[in-house]
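Everything on this sheet refers to the single structure shown next.
The values are calculated or read from the model by the stated rules, or taken from the named source; none is laboratory data. The structure displayed is predicted, hence computed values, not measured ones. Cβ placement follows ideal geometry from the backbone for every residue including glycine, while neighbour counts extend to all protein chains displayed. To get the accessible areas, we keep the full protein, side chains included, count just its heavy atoms, and leave off ligands, DNA and RNA. Shrake-Rupley method; radii C 1.70, N 1.55, O 1.52, S 1.80 Å.
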Amino acid sequence: MNRALRKVLLQTGGIGRIGPGAVPWRNLATVSEANTQGAQHQQQHPQQHYDIIIVGGGMVGTALACSLGKNTRLQDKRVLLLEAAGGFKQPSTEQYSNRVSAINKNAYRLMKRIGAWEEIERTRIKPVLKMQVWDACSDALITFNYDDFSDNISWIVENDVLLASVYRQLETVPNVEIRYSAKLADCTLVRDGADRSTVQLTNGELLTCELLVGADGYNSLVRKQMGVENFTIAYNQMGVVATLQLANDSPVDNVTAWQRFLPTGPIALLPLNDRMSSLVWSTSVAEAKRLLQLDGDAFVAAVNAAFSKPVSRNTFVDQVLSNVHSLIKQSSGQRFEPAPAVMSEVQKSRAAFPLGLGHTSTYVGQGVCLIGDAAHRVHPLAGQGVNLGFGDVQTLTDVLADASYAGLGLGTVGELIKYEQERLKHNVAVLLTTHGLQRLYTTDFLPTVALRSVGLTLTNAMPPVKKFLMNYAMS
């Protein structure tokens, strides 16, 4: 018997072995056929290698690709951005999107650094110069003003506008490649025995990389492949969003962000232009579904009532606040400015999404790391979700640039852990704060209402404390 054939038979169990691995003589043609097909598949889809592959072309993943590509220490690295959609969505010139972000100073600096800020400004953006937050159960309030910070508190940007602006910058970066309609089927990480990570797309294409970055959102496939624990809490709430037209008698400039904490959750009005604002209303699932079913007039009436309708008050809480006002020598008759009345909603702008908390047990592994919602998810009441992701982008870029400059591997876990340690300090603090606020303001338990009202009032009376809190939140 031919030695080569005998070797094949021994390996496949054709002779000399009986068991589950044995291949009968009549199946040898099938084995040969399968090998031929496999070789043909490899020829059709040869492996391509990149230094870094980013899975997920949302705001955070796209910003990372641009940040890496424009970093002088990483310009010799090949970066691939995989996006499942067929292409990025051009922002509408006729109507505002119902999904917006409150961009903080760090995110602003990142956008400036990668060259996207000028494009954002040319398209649409609204600075926030003032912010008023108040408790519907006590009317305790806190205000933040431009004068307190000598800078904008934040900038309201539509997600579509920001994403399109970053994508346009990517068109000028030669070492970054974007693939649309690129859906991840599977991935094999370095820890699984390979010396590099392998990504398989649904079209059968195989890609390898030194570092795989999961920017693929809350249901991250990369995170699942890492096998790490992901701690989650469902708030049993939904965020209702809409684009609203303000009444004609509203303030001319519309530069204030308004937020009222209702017993069912906060409602916020974020300025888009002089006559339009974006609504983010966190409420129970049942109430959110009801709001989605209302006609336009009824919905507008519900929004106006949520900002102005009195909530049942308790004399005990009122007395406590009166004593606090006397203690700090502040008139108990102090009142916030009322939020502007809403006249109408933009058609088809109303939508809702579930709210929850999430945090993975680790952000990094050998040759792999997570950023943005793939690593952490927070309640939108403080407007910090995408800002945390942009913070991840800046820190990871710095860590990888330093590693490359020092001649170290991009996927070395000893280097990636520096990114994790730096981001945990900020992300966990924000996550715990937003979770605490969500729990604190979704109860009408009397002692809790009294304590939170006192805390809000005292903080408002202490400008240095206010400045510290805002600077921390917006940094």
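Taking the conditions (1) open to solvent by 30 Å² or more (accessible area, probe 1.4 Å); (2) modelled with pLDDT of 85 or more; (3) assigned to a helix (DSSP H, G or I) in turn, residue 303 satisfies each one other than (1). The criterion of being touching a residue at least 40 places away in the same chain (Cβ under 8 Å), surrounded by fewer than 21 Cβ atoms within 10 Å (Cβ to Cβ) and touching a helix residue (DSSP H, G or I) at 6+ places or on another chain (Cβ under 6 Å) does not hold for residue 461. The set of residues from region 333-391 being farther than 30 Å from residue 413 by Cα and hydroxyl-bearing (Ser, Thr, Tyr) comprises 344, 349. For residue 131, the conditions (1) within 17 Å of residue 383 (Cα to Cα); (2) part of a helix (DSSP H, G or I) all hold with the exception of (2). Among the residues making up region 76-135, those that are open to solvent by less than 50 Å² (accessible area, probe 1.4 Å) and among the basic types (Lys, Arg) are 77, 105, 124, 126, 130.
A single member of 356, 391 is over 21 Å from residue 110 (Cα atoms), touching a residue at least 12 places away in the same chain (Cβ under 8 Å), in contact with a Lys or Arg (Cβ under 7 Å, 6 or more places away or on another chain) and not polar (S, T, N, Q), and it is 356. Figure legend. Inter-residue proximity from region 79-97: first residues modelled with pLDDT of 85 or more and outside any loop (DSSP other than H, G, I, E, B), second residues aromatic (Phe, Trp, Tyr) and open to solvent by less than 50 Å² (accessible area, probe 1.4 Å), beta-carbon distance below 8 Å, spacing 6+ or different chains. Indicated pairs: 79/50; 80/50.
The set of residues in region 57-71 that are part of a loop (DSSP other than H, G, I, E, B) and surrounded by fewer than 24 Cβ atoms within 10 Å (Cβ to Cβ) comprises 58, 71.
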